[in-house]
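Step one of this worksheet: look at the structure below.
The values are calculated or read from the model by the stated rules, or taken from the named source; none is laboratory data. Everything numeric in this text was worked out from a predicted model, so none of it was measured. Positions of Cβ are generated from backbone atoms using ideal geometry, with glycine treated the same way; all protein chains shown enter the neighbour counts. The protein model used for the area step is the full one, side chains on, heavy atoms only, and it has no ligands, DNA or RNA in it. Shrake-Rupley method; radii C 1.70, N 1.55, O 1.52, S 1.80 Å.
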Amino acid sequence: MRRDQVLVIVPPNSNTVIDGHLLTVTRPEEHSDWSDFLCLGALSLTSALQDNPQLTPLYIDGTVIDLDEVLTYITEHAGRILAVCLGMLTANFEAGVLIARHTKDTDPHITTIAGNDHFSCLWRECMAAAPCLDYGFVGNEVIGPFTRLIAALRTGAAINPGAFPGLVYRGADGTHLTPPGTEPVFTGFDYSLADGAFQHTPRYTGHFQQRIAPRLQELLGRKVSAGVPVEIGRGCVKFAGNDACSFCSIHPGKLWRNHLNADQAWHVMEAAVLAGYDYLYLTADELPLTFAKLLTAMNADQPAWWTALPDTDRPVLVGYGRADGIADPRRTALLTRLGVRQIMIGMDAGAPLSLAAMNKPVGGRRRDILAEAERLFEMNATAITVARDHGLLIRAGFVVGHIGMTQALLEENLQRILALISEGGARGVFSAVDVEVLSPQPGARDYTYLTDPAAAQAAASRLGLSIAGEPVLTAIAERWRGQAVVPPENAMRDYATALMPEVSFDDLAEARTRIRAHAKACGVVIGE
């Protein structure tokens, strides 16, 4: 029997399938929109493999397909499976390893391949902790090397690791990484592949119509039936100076910004519309600031298929932005001219000092981060007004906790966040609110603070903030350094102990609960 099947799997969150995980603030039922959309990264790999007639690529999303069904599929089709490929995030790494281990136990001839953010940040640790992983890929620009590796495996060709940029491989002297390369943003999506091994689309659509569609009907008077992520670019204005926010775990690699041209962007959007989607979720970070030239070009050259549609028949577009981008009426007007009706803004904190501690402001080398943070806080309120004036909904995100947080700062944040929600709710601007306790993800500065006492002390000193003493910092750093498994709540609790000793984890959880309750009282939903 020939091996032609390549399974591209999104593992489920580990705490949904593995007993013993803390679930104080990471309960799945409190994250209600996690299964409304297909995974664009997994679909891009599956779509790219389809060009090889010797392969049968299969998309599997473990967030909507039961894990037992996934494992049973591997068992029953093992003789035809060439490779099992796993997208590993911090929240699903253990579940991904469980799937890889099951694969190898079932048939050791199946090749297992890992990738995505968590693996990219901790590839050495992941390979050491999981002997069931054969290969991995680091970074975002890996579709070309990935498809070539799968083709070589299919024909039985010798694997020359240096020929595959971004490849992580095992050698006689340990695990190695071929330096990553660059490639264009992928555009060749085949949405029908979502229903190969399992019928994913009805599940996504069912969740979408139960949760998001009624909210859009209520707020915008628009009927939408199905949503999908659409990638016209990736990157962030903060990546240009290697200056990401403290909690951001995205590593852009060699390209801080990578995007399509205007014609390509419109083509990708048209393909999604022709596939039956009328709610397009633009994945690009910080649209108004990072991709202003692309948006301007798209606005100047709107295609005939788009302009022929009445406004009420055009798909609803949603995207990401910063408060300082949305506070600029010209940038917001550009978004709305292109059909963007909802923007997701990480307002993140209520106090300027907290915004500075999260490294939220955009600035250069000669910067007064506290002054910039004060301006950014003011822009949070301005963005609400500008959005209202332009008919733009805001989905607001807030983070509770940061390095050096004190009880006084926590209370200041709480009161200012509640005031912002009151204002956004009263003006009918906030479509939803997301609020989470800070989770130090590998790859982020906050995880570096958790594992490197010297870095933590330097960061706290720059802002005049206090953290725990050297013995506590060192003990916690040793606990996490070199670990591949990072259960989010355990890391949250240790972060609070080491980096905000005046505030307990329970204080943070209670603040989150109060914010969520206030949003509901203001008529703002959580997480839709």
Discussion item. Helix-only mean residue ellipticity at 222 nm, the chain, DSSP H runs n ≥ 4 weighted -39,500 (n - 2.57), per residue, nearest 500. What is it?
Written reply: -13000 deg cm²/dmol
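Can you send over the carbon and sulfur percentage of the accessible area for the chain, probe radius 1.4 Å, protein chains only? Please list the in-between numbers first.
Working: 10660 of 20700 Å².
The computed percentage sits at 51.
Taking the Cβ-Cβ separation of His109 and Glu218 as r and a Förster radius of 51 Å, what is the calculated FRET efficiency to the nearest 0.05? Before the final figure, lay out each step's value.
Details: r = 53 Å, r/R0 = 1.04.
After rounding to 0.05, the efficiency reads 0.45.
Which FRET efficiency value, to the nearest 0.05, do you get for Asp66 and Gln264 by plugging their Cβ-Cβ distance into 1/(1 + (r/R0)^6) with R0 = 35 Å?
It comes out at approximately 0.40.
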Practice prompt. Once you have the Kirkwood Rh of the stretch 186-319 from its Cα pairs, apply Stokes-Einstein at 10 °C and 1.306 mPa s and quote D in µm²/s.
Written response: 97 µm²/s
Worksheet item: Once label points are set 7 Å from the Cα along Cα→Cβ at both Ala163 and Ala458, what is their separation, rounded to one decimal in nm?
Response: 4.2 nm
Practice prompt. Compute the distribution of all C-alpha to C-alpha distances in the chain, in bins of 10 Å from 0, and list the percent of pairs in each, rounded to whole numbers.
Written response: 4, 18, 29, 28, 17, 5, 0
Item to complete: Determine the dipole magnitude for the chain: charges of +1 sit on the beta-carbon of Lys and Arg, -1 on that of Asp and Glu, nothing else is charged, the reference point is the Cα centre, and the result goes in debye to the nearest 20.
Response: 920 debye
Worksheet item: Could you give the accessible area per residue of the chain, probe 1.4 Å, as a whole number in Å²?
Response: 39 Å²
Item to complete: Using the 2.2 N^0.38 Å rule of thumb for compact globular proteins, work out how the stretch 280-402 stacks up: its C-alpha Rg over that value, please.
Response: 1.14
Worksheet item: Do the alpha carbons of any pairs in Lys223/Lys254; Lys223/Lys293; Lys254/Lys293 sit beyond 29 Å of each other, and which pairs?
Response: Lys223/Lys254; Lys223/Lys293
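With only Lys, Arg, Asp and Glu charged, each at its Cβ (+1 for the first two, -1 for the last two), find how big the charge dipole of the stretch 313-464 is about the Cα centre; round to the nearest 20 debye.
Details: 17 positive and 16 negative charges, 117 e Å.
In total the dipole reaches around 560 debye.
Compute the Cα gyration tensor for the stretch 416-497, then decide on rounded, prolate or oblate, letting a ≥ b ≥ c be the square roots of its eigenvalues: rounded whenever a/c is under 1.5, prolate when a/b is larger than b/c in the other cases, and oblate in all that remain. Write down the numbers at each step before the final one.
Numbers: a/c = 3.26, a/b = 1.94, b/c = 1.68.
Because a/c hits 1.5 or more and a/b exceeds b/c, the stretch 416-497 counts as prolate.
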Item to complete: Return the whole-Å distance between the Cα centroid of the stretch 412-476 and the Cα centroid of the stretch 54-96.
Response: 35 Å
Worksheet item: Once Lys and Arg get +1 and Asp and Glu get -1 on their Cβ, which of Leu280, Thr290, Gln264 lies farthest toward the positive end of the dipole of the stretch 253-408?
Response: Thr290
Practice prompt. Go through Ile212, Gly319, Val228 and say which Cα lies farthest out towards the positive end of the charge dipole of the chain; charges sit on Cβ, +1 for Lys and Arg, -1 for Asp and Glu.
Written response: Gly319
Worksheet, complete the sentence: Sorted by chain and then number, the residues having a modelled amide H within less than 5 Å of the amide H of Phe398, at least 5 places away or on another chain, are Asp348, Asp434, Val435, Glu436
Worksheet item: Quick one: ranking Leu370, Leu133, Leu193 by accessible area, 1.4 Å probe, largest first, what do you get?
Response: Leu370, Leu193, Leu133
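Given a Förster radius of 41 Å and the C-beta distance between Ala297 and Asp173 as r, what FRET efficiency does 1/(1 + (r/R0)^6) yield to the nearest 0.05? Numbers along the way, then the final one.
Numbers: r = 49 Å, r/R0 = 1.20.
Efficiency computed from Cβ-Cβ geometry: 0.25.
Under a Cβ-Cβ cut-off of 9 Å, what is the net charge of the residues other than Ile384 that fall near it, where Lys and Arg count +1 and Asp and Glu count -1? Numbers along the way, then the final one.
Details: positive: Arg388, Arg427; negative: Glu423.
Overall, the nearby charge balance is +1.
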Worksheet entry | Charge context of Ala272, other residues only, Cβ under 12 angstrom, K/R +1, D/E -1 | -4
Fill in: Zone residues, the stretch 352-382, relative to Arg427, backbone N less than 18 Å from point 7 Å out along Cα-to-Cβ
375-382
Response to the item:
For the stretch 380-490, the charge dipole (Cβ of Lys, Arg +1; Cβ of Asp, Glu -1; about the Cα centre) points to a positive end, and the Cα of Ile467, Thr448, Leu393 closest to that extreme belongs to Leu393
